[in-house]
Amino acid sequence: MPSPCLVLGVGITLWADEGVGPRLIEVLSQRFDIPGAELVDGGTQGLYLLPIVSEAERLLVFDAVRLGHAPGTVVVLQDGEIDTVFRGALSLHQTTLHDLLGSARLIGQNPRQVVLIGVEAEDTENWGGNITITVARAMEEALRQAEAVLRGWGLSLIARSD
Amino acid sequence: MSRTTPNGFVLEETSRRVAIDPITRIEGHLRIELNVDDKNVIRNAVSVGAMWRGLEVILQGRDPRDAWAFVQRICGVCTGVHAIASVRSVEDALGIELPQNANLIRNIMMLTLYAQDHLVHFYHLHALDWVDVLSALRASPVETAALAQSISSWSKSSAGYFKDVQTKLTNFVGSGQLGPFRNGYWGHAAYKLPPEANLMAVAHYLEALDFQREIVKIHAILGGKNPHPHWLVGGVPCAINVHGTGAVGALNIERLNMVREIANRTREFIDQVYIPDLLAIASFYKDWAAIGGGLSSKNLMSYGEFPSHANNSSNDNLGMPRGAILGGDLSRLHEVDLKDPAQVQEFASHAWYKYPSGNEGLHPWDGVTECDFRLGSKGKIEQDRLINVDESEKYSYVKAPRYKGEAMEVGPLARLVIAYVAGRKDIKELVDGALRKLDVPLTALFSTLGRTAARGLEAQWAAARLVETVDDLFANIRNGDINTANTEKWEPKTWPTLAKGVGSCEAPRGALGHWIVIRDQKIANYQCVVPSTWNASSRDPKGNIGAYEAALLGTPMVDPERPLEVLRTIHSFDPCLACATHLYGPDGAPLASVDVL
């Protein structure tokens, strides 16, 4: 029995590429049954995601990033790398993933392993707009990376027939 | 050179300009620019909402029954309140009556949110303005235990417990990953708590972090899921089944008991941890009962909330009454009518929007959201970086909402004072009790400390009311009423060609209104006036300043480069610059800065 695993998509679905995290959750859950994993659209709930994050042994996060890569680039960051990359940076949101994980660590209930799959955003200004074609194309790569991470954690991804 | 605004505040544009961008530990993006005199006292304050919120544009042409699902994505902490204002606006437009169970369940959702949101705000967004985390490392656990036991009967108060917390904190700080404690002004001279009070507060910061996880289970039980609980026009999407057979996932006695149990524990936590901490911390900062008052001693407004009975909008039916106070006259409550075109209006003279009517105010039903970014002639941008805005022209994405032409403060302080003035006994007892314990007069409420205290007292009120409301729901179900939704007017063909409605809600952080116009079964116009639009308001054509700007005036600062005092007052409003983006910047690119110009 694999340990509890949370796959979390964060971002705002009303705002073009900012919504790629929740969109990836949507596609992943349509494609696969993943026993032992919980798939959650976390929206922009920040600290309010602590209840589910602190209960997870392993955490996979999908999010839009702006790290200076070409739009559509998929980055996979593990544990300490997440802190290193985001140290000093402050998202416009008061509780970033950094704060969320820091808070979980502070109460001694942090996931043992954390992987962030980030997709470099192209357009984050278009209110009400769809994900750009560039980022939509990158979603397949992000999903492939997610599959590899989840299988590596001993989870089975069972293709849905419907 | 100084001038007095029509609403009675003196502004001096002295030589030193300080920009704080962004204000940390809030939702959304807020920039504050200040002018300080040679004694570091704030003489002019400019509140700049630096993000455009174009939600209204997205909703046009959509099905009004779906609007709640869009608006609850506006922001990370206000999900439920936008959803409730939205479904209420559609119900008002179409004349849909609400079953009593749905009314009670919505009240339970909202009271739960008050308890949780106020708790999280106090400990996780605001306490660090008063509590020096690093000083807690020097505390004596034995003396901390003595302090904790002297103010509360809460069980976790032994010296061993505080020693453990201190060790945990030492290890955490030692790891170099400060997480939520980074960006703090630790060691700042404005921190006044002894190390033991700091350690006690940090211990409760951790307990509250753990405990808030419990409270939201109520949202998951009644809203189907959390995050993003479900809502429904005409009711709540939550069937009641007390017989144990039939609908799967329906609300049954076992789940209702769970709600009751969580409600009781929430009340206990607030009574025994939050309130004693609040009073203990406040007793060291009584000077802040004379700082940061701003508009609060003049103009306050509440739309009213918590209807006891469904479909009754009279003030007597509301747990928190509706009304407005103008010019500091506490002997008179003014009526608030959100449909009166002359009462609530929004102005865009100093905001980055374009109105066809120019500088005139628009009632939200006639509201327009058209972006118009122009920096102003004295505004400066250098290398893509905003240096300063020009507040004599357009300077913010926050419009200027006005009630009968006046800038208003909204939020827990406004609600409590209005309930107090309306003669509500439960509120009067709560407020008078706290004032007695702190030995301060009623006017002390009109301050930064008063705002923070009012929020705590309201959390206490909400938790007590939550327990009662769960009992009311039990009683109503026991009387045989299991109806939770009215679907009579669900089908668009039952709707008129043109319908207009208003849905209001008192969000934890203040008065929230959604105005909707439905034409041919689709949304033709949708305008949200959110609490932080009132409080973070830009200036209006007459030059009246809003609540944040007013509250900062006259504040003495120790060091403008470490603007802890500004954070105290701004955080006391529980700001939420309703938008929320989640993008990360690359390593080392500081998006936060304090510039002294």
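The values are calculated or read from the model by the stated rules, or taken from the named source; none is laboratory data. Since the model is a prediction, treat every value here as computed from it, not as a measurement. No Cβ is skipped: glycine too gets one built from the backbone with ideal geometry, and neighbour counts run over all protein chains shown. Side chains are part of the model used for accessible areas, which takes the heavy atoms of the whole protein and leaves out ligands, DNA and RNA. Shrake-Rupley method; radii C 1.70, N 1.55, O 1.52, S 1.80 Å.
For chain B, which whole-number percentage of the solvent-accessible area (1.4 Å probe, protein heavy atoms only) is attributable to carbon and sulfur atoms?
Numbers: 10500 of 20930 Å².
With neighbouring chains kept in place, the figure for chain B is 50 percent.
How much accessible area per residue does chain B have, counting only protein heavy atoms and a probe of 1.4 Å, in square angstrom? Display every interim value, and only then the final one.
Numbers: 20930 Å² over 597 residues.
Solvent-accessible surface per residue comes out at 35 Å².
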### Task
Report, ordered by chain and residue number, the lysines lying within cross-link reach of B:Lys493, taken as a straight Cα distance under 29 Å and ignoring same-chain residues fewer than 8 apart.
B:Lys339, B:Lys522
### Query
Which whole-percent values make up P(r) of chain A when all C-alpha to C-alpha distances are grouped in 10 Å steps starting at zero?
11, 42, 37, 10, 0
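Leaving ligands, DNA and RNA out of it, report the carbon-plus-sulfur percent of the accessible area of the range A:3-159 at a 1.4 Å probe.
The nonpolar share, carbon plus sulfur, comes to 48 percent.
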### Query
For B:Thr167 and A:Asp33, what does the FRET efficiency come to when R0 = 41 Å and r is the distance between their Cβ atoms, rounded to the nearest 0.05?
0.40
### Message
Quick check: residue separation of B:Ala475 and B:Asp384 times 0.36 nm, minus the Cα distance between them. What number comes out in nm?
### Response
26.7 nm
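What whole-number value in Å² describes the accessible area per residue of the range A:3-159 for a 1.4 Å probe? Write out the running numbers ahead of the final one.
Values: 5470 Å² over 157 residues.
For the range A:3-159, the solvent-accessible area averages 35 Å² per residue.
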### Query
Remind me, relative contact order of the range B:370-472 in percent, using alpha carbon pairs under 8 angstrom and six or more residues apart?
17
### Summary
With a ≥ b ≥ c from the Cα gyration tensor eigenvalues, square-rooted, and the rule rounded for a/c under 1.5, otherwise prolate when a/b > b/c and oblate otherwise, the range A:103-162 is oblate
### Query
Measuring from label point to label point, each 7 Å out along Cα→Cβ, what is the B:Lys425 to B:Ser155 span in nm?
3.4
### Message
Using a 7 Å offset from the Cα along the Cα-to-Cβ direction at both A:Arg160 and B:Asn241, what is the distance between the two label points in nm, to one decimal?
### Response
2.3
### Query
Farthest toward the dipole's positive end in the protein assembly as shown, which of B:Gly179, B:Ala136, A:Pro22, given Cβ charges of +1 (Lys, Arg) and -1 (Asp, Glu) about the Cα centre?
B:Ala136
### Message
Could you tell me the calculated FRET efficiency between B:His230 and B:Asp316, based on Cβ-Cβ distance and R0 = 30 angstrom, to the nearest 0.05?
### Response
0.45
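Classify the protein assembly as shown from the C-alpha gyration tensor, please: rounded if a/c falls under 1.5, else prolate or oblate depending on whether a/b exceeds b/c. Could you put the intermediate results ahead of the total?
Numbers: a/c = 1.14, a/b = 1.06, b/c = 1.08.
Since a/c stays below 1.5, the shape of the protein assembly as shown is classed as rounded.
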#### Entry: Karplus-derived 3J(HN,Hα), 6.51/-1.76/1.60, for each residue of the range B:505-517, Hz, glycine and proline x
7, 8, 5, x, 9, x, 5, 10, x, 10, 10, 10, 10
### Message
Just to verify a number: what accessible area does B:Val165 come out at with the full protein assembly present, 1.4 Å probe, Å² rounded to tens?
### Response
10
### Message
Given the -39500 (n - 2.57) contribution per DSSP H run of 4+ residues, what per-residue ellipticity at 222 nm results for chain A, rounded to the nearest 500 deg cm²/dmol?
### Response
-10500 deg cm²/dmol
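Express as a percent, rounded to the nearest 5, the fraction of DSSP beta bridges in the protein assembly as shown (both residues included) that run antiparallel. Can you show the working numbers first?
On the way: 63 of 86 bridges.
The antiparallel proportion sits near 75 percent.
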### Query
Can you give the accessible area of B:Ile381, probe radius 1.4 Å, in Å² rounded to 10?
90
### Summary
Between the residues B:Ser377, B:Thr494, B:Phe211, the Cα farthest towards the positive end of the dipole of chain B, that dipole coming from +1 and -1 charges on the beta-carbon of Lys, Arg, Asp and Glu, is from B:Thr494
#### Entry: Estimated dipole of the range A:3-159 in Debye, rounded to 20 [Cβ of Lys and Arg +1, of Asp and Glu -1, Cα centre]
300
### Message
Given the whole protein assembly as supplied and a 1.4 Å probe, what does the accessible area of A:Cys5 come to in Å², nearest 10?
### Response
10
### Query
What is the gain in length, in nm to one decimal, between B:Glu13 and B:Lys437 on full extension, counting 0.36 nm per residue of separation less the C-alpha to C-alpha distance?
148.6 nm
### Task
May I ask you to derive the relative contact order of chain B, considering only C-alpha pairs under 8 Å and at least 6 residues apart, and to give it as an integer percent?
27
### Query
What's the extension gain from B:Glu261 to B:Leu498 if we count 0.36 nm per residue and subtract their Cα-Cα distance?
80.8 nm
### Query
Cα gyration tensor of chain B, axes a ≥ b ≥ c as square roots of the eigenvalues: rounded (a/c below 1.5), prolate (a/b > b/c) or oblate?
oblate
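Explain nothing, just the number: relative contact order of the range A:3-159, from Cα pairs under 8 Å at least 6 residues apart, as a whole percent. Intermediate values should be presented prior to the final figure.
On the way: 315 pairs, mean separation 52.8, N = 157.
Normalised by residue count, the contact order of the range A:3-159 is 34 percent.
At a Förster distance of 56 Å, what's the computed FRET efficiency of B:Asp38 paired with A:Asp79, Cβ-Cβ distance as r, to 0.05? Walk me through the numbers before you get to the answer.
Details: r = 50 Å, r/R0 = 0.89.
Efficiency for this residue pair is about 0.65.
To the nearest 100 Å², how much accessible surface do chains B and A hide from each other in total, with a 1.4 Å probe?
Working: alone 23350 and 8540 Å², together 27020 Å².
Summing both sides, the interface buries roughly 4900 Å².
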### Estimated inter-spin distance, B:Thr487 and A:Glu55, nm [label 7 Å along Cα→Cβ]
3.0
